[in-house]
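Participant: My structure is below; once you've seen it, I'll send some questions.
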Amino acid sequence: MIKKQQEIKAIIFDVGGVILDLNKKKTLRIPESISTIYGISIEEARKIWVTYDRRSLLTGAETPKTFLRNISRAIDTSKTPETLYEEWTKLSLKEENCIDWKLLDFIKNLREKYKIYVMSNAVNIAQEDKLTRTIKSMFDKYFVSYEEGFRKPEKEAFLNVLKKIDCNPENCIFVDDTLININTAKEMKINSIIYKSLEQLKKDIKEIVDK
């Protein structure tokens, strides 16, 4: 039997917007969290997040408390970084309720044929660790930016994961909800799927596998 030239061996999943349903009100991206804990508009929070050197936060070079201390200089607040951090953690406590368990059931089935990994941009807060523990056993390896020192969409982030899982790009599928991350993966010849729904994902994976 002749093997396919691009036989799929591994599938890499994002977390926020894929495994976590960001359409649910209980799940907040970082700008929304900033808006809530500081009591400022979402527009102002997004502006702060976009202009801030967020790479340090996402790659673990900067702690969340230092991040909050730094952005507090641009926001009129009487709250201490410790208080803000506690409020941020409390907001994140709700994320466990936003896990897409139907998707995880599908991933469980995929593990019978493929190695399954997570590659996520994440901040090192206590709840992130709790969320990781909840679903970590469902994956062969769990790569988070603050531990790896790289973040998507940096090519180094993808190269780091490919090296650690010992897999060529053409033998992988990458699933993410953010176009800029998908574009980098495609540039690196990784089979890529922008996530919209579980049914669409099943269809797209089948198309890639059947090539």
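The values are calculated or read from the model by the stated rules, or taken from the named source; none is laboratory data. Predicted model only: the values in this text are computed from it and were never measured. Reconstructed Cβ throughout: ideal geometry from the backbone, glycine too, with neighbour counts over all protein chains shown.
Participant: So if I check each of Phe150, Phe106, which one is crowded, with 17+ Cβ neighbours inside 10 Å and at pLDDT 90 or above? Walk me through it before giving the result.
Facilitator: Values: Phe106 fails: crowded, with 17+ Cβ neighbours inside 10 Å.
Of the residues listed, the single one that is crowded, with 17+ Cβ neighbours inside 10 Å and at pLDDT 90 or above is Phe150.
Participant: With the structure loaded, tell me whether Asn183 is over 18 Å from Asp100 (Cβ atoms), at pLDDT 95 or above and surrounded by 19 or more Cβ atoms within 10 Å (Cβ to Cβ) or whether it fails that test. Reasoning before the result, please.
Facilitator: Working: over 18 Å from Asp100 (Cβ atoms): yes; at pLDDT 95 or above: yes; surrounded by 19 or more Cβ atoms within 10 Å (Cβ to Cβ): no.
No, not satisfied.
Participant: For Lys115, which of the numbered conditions (1) touching a residue at least 60 places away in the same chain (Cβ under 8 Å); (2) among the basic types (Lys, Arg); (3) not assigned by TED's automatic domain parsing to the domain that holds Glu148 fails to hold?
Facilitator: With respect to (1) touching a residue at least 60 places away in the same chain (Cβ under 8 Å); (2) among the basic types (Lys, Arg); (3) not assigned by TED's automatic domain parsing to the domain that holds Glu148, Lys115 is out only on (3).
Participant: In addition: Out of the residues in region 40-53 that are touching a residue at least 12 places away in the same chain (Cβ under 8 Å) and either in a loop (DSSP other than H, G, I, E, B) or in contact with a Gly (Cβ under 7 Å, 6 or more places away or on another chain) (or both), which is nearest to Leu91 (Cα to Cα)?
Facilitator: My answer is Ile40.
Participant: Additional query: With respect to the numbered conditions (1) among the hydrophobic types (A, V, I, L, M, F, W, C); (2) modelled with pLDDT of 85 or more; (3) within 30 Å of Asp210 (Cβ to Cβ), which one is the sole condition not fulfilled by Ile2?
Facilitator: Evaluating Ile2 over (1) among the hydrophobic types (A, V, I, L, M, F, W, C); (2) modelled with pLDDT of 85 or more; (3) within 30 Å of Asp210 (Cβ to Cβ) leaves (2) as the failure.
Participant: Name the single residue, out of those in region 156-211 being of a type in the set (Lys, Arg) and within 18 Å of the chain's Cα centre (by Cα), that is nearest to Arg29 (Cα to Cα).
Facilitator: The selected residue is Lys196.
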